[in-house]
Amino acid sequence: MTRTDRPELHEAAAVAFRERWPEFIFHDDVPKRYMGRVEEYFARYDVMVLDEGAVIAGGWAVPMAWDGTIDDLPSGYDDALIRAVEGREAGIEPTSLSFMAVAVGSSHDKRGMAGVVLKELARRAHSDGLAHVVAPLRPTWKHRYPMVSMAEYAGWTRPDGLSIDPWIRTHQRMGARVLCPAHRSMVIEGSVADWESWADMVFPVTREYVVPGALNLVLIDRERDRGVYVEENLWVQHS
């Protein structure tokens, strides 16, 4: 079921997403400019899972043109949004689906609901003739290691050969393989006051900081009254 099928549940679905990410994630300027058109153009790829009428999980994706090579991948989440929307408006035929986000209500963890959402999105992609399914993952535990590069983190595995990271493992169990880091997946900028509000921290001097929920360090420049966060994600491709 898509959100357009049940518009009255749109707010409930939004709550499920919001509880899963740190506040600063919602202050990326690119989604602010493009999400309205994403919702208009790609409603087919915005799905929900209901349990007795309540939203317990959801996810969304965007179709885009990608030639299947590493060099042609978008730089990350923001760039995938831009490519999908501007490609649609330019009449460019999509070849691929990019998973963008999946969320499961905290009271429904460990029930496999994320996999249900991913499989349904992939099924729609294949039924629409899209050749590739990819995702710029935001690994669940990467925020615990903000000074470690994504390339190194992606190589950390358990004895069974799967990633130490739960979200990467979810995709691997569905047949996905790691492609490469998405070095500039999201860029979030704001004033020092903005960042102190978003992070619930004080930033007394100019330097890079470890911020709760951030996968990489956040650069605070008090002289310029600016905080900049460039998030690195991880591209994976589903078989």
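What follows is calculated from the coordinates using simple rules that are stated; it is not laboratory data. For clarity, every value in this text was computed on a predicted model and none was experimentally measured. Note that we place each Cβ from the backbone using ideal geometry, even for glycine, and neighbour counts take in every protein chain shown.
Once you put a point 7 Å from the Cα of residue 21 and another 7 Å from the Cα of residue 158, both along the Cβ direction, what distance in nm separates them?
2.6
Give me a comma-separated list of calculated 3J(HN,Hα) values for segment 139-151, in order, Karplus coefficients 6.51, -1.76, 1.60 applied at θ = phi - 60°, integers in Hz, x for any Gly or Pro.
Running phi through 6.51 cos²θ - 1.76 cosθ + 1.60 with θ = phi - 60° gives x, 4, 9, 4, 4, 6, 10, x, 9, 9, 5, 5, 4 Hz.
Give me 142, 119, 32 ranked fewest to most by other Cβ atoms within 10 Å of their Cβ, as a rough exposure proxy.
The fewest-first ordering by Cβ neighbours comes to 32, 119, 142.
7 Å from Cα along Cα→Cβ at both residue 149 and residue 71: what's the point-to-point distance in nm?
For residue 149 paired with residue 71, the spin-label model returns 2.1 nm.
Please order 128, 71 by the number of other Cβ within 10 Å, starting at the fewest.
Exposure proxy ranking, most exposed first: 71, 128.
Can you give the extra length, in nm with one decimal, that the chain gains between residue 197 and residue 126 once fully stretched, where that is 0.36 nm per residue apart less the Cα-Cα distance?
Roughly 21.3 nm would be gained on extension.
What's the extension gain from residue 174 to residue 217 if we count 0.36 nm per residue and subtract their Cα-Cα distance?
Separation in residues times 0.36 nm, less the Cα-Cα distance, equals 12.4 nm.
For the chain, what is the calculated [θ] at 222 nm in deg cm²/dmol (nearest 500), taking -39500 (n - 2.57) for each run of four or more DSSP H residues and dividing by its residue count?
That comes out to -9000 deg cm²/dmol.
Sorting 121, 73 on the 10 Å Cβ count, fewest up front, what's the list?
Result, fewest neighbours first: 73, 121.
Just grab the label-to-label distance for residue 119 and residue 140, each label 7 Å out from Cα along the Cβ direction, in nm (one decimal).
Using points 7 Å along Cα→Cβ, the separation is 1.8 nm.
Report the longest stretch of the chain that contains none of the GluC sites (Glu not before Pro) sitting in a DSSP loop with at most 14 other Cβ atoms within 10 Å.
Longest run free of exposed loop sites: 53-222.
Working out 0.36 nm times the residue gap between residue 92 and residue 51, then minus their Cα-Cα distance, what length gain in nm do you get to one decimal?
Extending this stretch completely gives an extra 11.0 nm.
State whether segment 40-160 is rounded, prolate or oblate according to the following rule on the C-alpha gyration tensor (a ≥ b ≥ c being the square roots of its eigenvalues): a/c under 1.5 gives rounded; otherwise a/b larger than b/c gives prolate, and the remaining case gives oblate.
Oblate is the answer for segment 40-160, as a/c is 1.5 or above yet b/c matches or exceeds a/b.
I want the antiparallel fraction of DSSP beta bridges within the chain, as a percent rounded to 5.
The antiparallel fraction comes to roughly 90 percent.
What is the sum of charges around residue 158, taking Lys and Arg as +1, Asp and Glu as -1, for the other residues whose C-beta is under 15 Å from the C-beta of residue 158?
Neighbour charge sum, excluding residue 158 itself: 0.
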